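This report concerns only the one structure given below.
Readers should treat all values here as calculations from the given coordinates under stated rules, not as data from a laboratory. Not measured: the values here are computed from a predicted model. Note that each Cβ is placed from the backbone with ideal geometry, even for glycine, and that neighbours are counted across all protein chains shown.
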Amino acid sequence: MNESPRPTVLRKEEYIEQAHLFRGLSHRLSTSEPVQELLAHLREEILATTNLPHAIDFLLAEISHFGTMSSAMARMAHYFTPFQTYMIAEAENERGRFDMGLALLVLEHEARMRSETIEPVALFFFQFETICRNRLSYDSGLKAMSGDPVYDSNWSRWLLNVRHQIGIVDIADLVYVHSEYYLQRQQQSGSSTIEQPDPVLFGVKEGRIALANRSRETLYFFAALQRQLSYPAVPRPRPKDADAELLPRLARNLERLELRLKLLEDEQREKGIDLRQFYGKPTDPT
């Protein structure tokens, strides 16, 4: 069985248009329009010199046949990364609690990051915090991350190893022992035997912040990285606008009151309530 082609780093224009696609879907989901129509409308807005219009065509065909986007994205592994596919698959999972709107918001931010000069360390913290904050599967999430084209072979190997360690060892400990700061402290201790971390993926600043956050809440670690090193924050769920629901709720209540008043007026008349208005149309037995 042939393996899916490993995704490659796309041109900047592709990621800019991907961010536009994910943002457009996220904003228009509240209109209750079918996803097929939303994709068809957004396809006309996408820059024609990119490959995204062709990807949208394939998404539309897959949704028409199977009703899911993630299956189409998985078959376009040369274009969409495994992490992007994983986010959509989790949002489409009926047993999960990961919202499609939030998944699209995360992918929009991630695509913006990819359109700029992005370092593997920044992408790792963004993706891992997304999994942690939304209580997604570490095993499936880290496996998806390991196939990202931004990570080289050392990163991919380390991510696959973290799959078996996470939950037993804190992420702050794992970052610390694979940082330049850990190596620096060993050299300063004057020990004759220096344990060389394999591989060294994080810098001195990341290692120092990781050491300061050992045995603490993981989200505090991410918050410290964002404060100190300006790493991008993971988007949170949008709070529901109570005012937006107020007018429709009042309209429904007024309709019920009008119906009750009408029934009371009919009851006070001599003829009483006409029950024929509640009868359904007879069905044709043939």
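Pairs of Lys residues in the chain are counted when their Cα atoms are under 26 angstrom apart and they lie 8 or more places apart or on different chains; the count is 4. The protection proxy used here, the mean number of other Cβ atoms lying within 10 Å of each residue, ranks peptides 12-19, 221-228 as follows, highest first: 12-19, 221-228.
Just to confirm the filter: which GluC sites (Glu not before Pro) across the stretch 103-209 are DSSP coil and have at most 12 other Cβ within 10 angstrom of their Cβ? Provide the component values of the computation, followed by the final result.
On the way: sites: Glu108, Glu110, Glu116, Glu129, Glu180, Glu195, Glu206; in loops: Glu116, Glu195.
Of the GluC sites (Glu not before Pro), the ones in loops of the stretch 103-209 whose Cβ has at most 12 other Cβ atoms within 10 Å are Glu116, Glu195.
Give the distance, in whole Å, between the Cα centre of the stretch 127-188 and the Cα centre of the stretch 1-61. Using only Cα atoms, the two centres lie 29 Å from each other. With helices as the sole contributors, the chain gives -19500 deg cm²/dmol at 222 nm; each DSSP H run of n ≥ 4 counts as -39500 (n - 2.57), and the sum is divided by every residue. Under the rule a/c < 1.5 gives rounded, and otherwise a/b versus b/c splits prolate from oblate, where does the stretch 29-130 land using the Cα gyration tensor? Oblate. Rounded to the nearest 20, the Cβ-based charge dipole of the chain about its Cα centre (Lys and Arg +1, Asp and Glu -1) stands at 620 debye. Phi angles of the stretch 168-174 translate, via the Karplus equation with coefficients 6.51, -1.76, 1.60 and θ = phi - 60°, into HN-Hα couplings of 9, 10, 5, 5, 5, 5, 5 Hz per residue; Gly and Pro are given as x. For the chain, relative contact order (Cα pairs under 8 Å, six or more residues apart, normalised by length) works out to 16 percent. Take every pair of alpha-carbon atoms less than 8 Å apart whose residues are at least six positions apart; their mean separation over the length of the stretch 49-129 yields a relative contact order of 16 percent.
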